[in-house]
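To start, the structure under review is shown below, and the notes come after it.
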Amino acid sequence: MRTASRAVLASLALTALPLKAEVTTVPITSIVNAEVASLNAQLDNLEQRLAESERMRSELNSQLESGAAAQGNAQVSRLNQDNQRLKMQLKAAQAQQPGQLFSEQQKWFAIGGGVALLAFLLGALARGTSQKRRAWMS
């Protein structure tokens with residue numbers, strides 16, 4: 001088996017020698033120049049696309065700003081109208097509501113006075129007329 005593999009390797013090596021001899025050498029400068037020209041063309045194309053994209057972006061930004069400003073102005077005016085309408089409704093509701101007789105503070109003062117008067121009357125009734133007290137005083 002070793003002799004067969006050596007024979008195959010030898011035949012492959014002998015066939016590869018003439019192939020190497022047939023390769024022609026191309027000057028490296030022409031390959032480099034071709035690559036540089038290709039890269040320059042790609043660079044020019046990308047720069048043009050970048051300029052076009054920048055122009056389109058600026059146009060879209062200006063459209064967006066003008067649209068947002070118009071939309072914002074419309075929203076502000078709509079909110080102002082709603083505000084005015086609600087103010088008028090509030091005034092109308094306040095005009096229909098009867099005025100309060102007492103303020104909140106006066107109401108609690110009157111409740112406190114009523115509770116004090118009720119406590120005094122209940123205390124007087126509960127005490128009654130006691131004979132012992134009258135006898136002691138006289």
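Values quoted throughout were computed directly from the atomic coordinates according to the rules given, and no laboratory measurement underlies them. From a predicted model like this one, the values you see are computed outputs, not experimental measurements. For neighbour counting, all protein chains shown are included, and Cβ atoms are generated from backbone atoms with ideal geometry for every residue, glycine included.
In table form, for the structure just shown:
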quantity: In nm, spacing of pseudo-spin labels at Leu60 and Ala124 (7 Å Cα→C-beta vector); calculated: 9.0 nm
quantity: Whole-Hz ³J(HN,Hα) from phi, Karplus 6.51 cos²θ - 1.76 cosθ + 1.60, for segment 93-107, glycine and proline x; calculated: 5, 5, 5, 7, 6, x, x, 6, 6, 10, 7, 4, 5, 5, 5
quantity: Gained length - Phe102 relative to Ala116, 0.36 nm times residue gap less alpha-carbon distance; calculated: 3.1 nm
quantity: Selection of chymotrypsin sites (Phe, Trp or Tyr not before Pro), segment 71-116, meeting DSSP coil and at most 12 other Cβ within 10 Å; calculated: Phe102
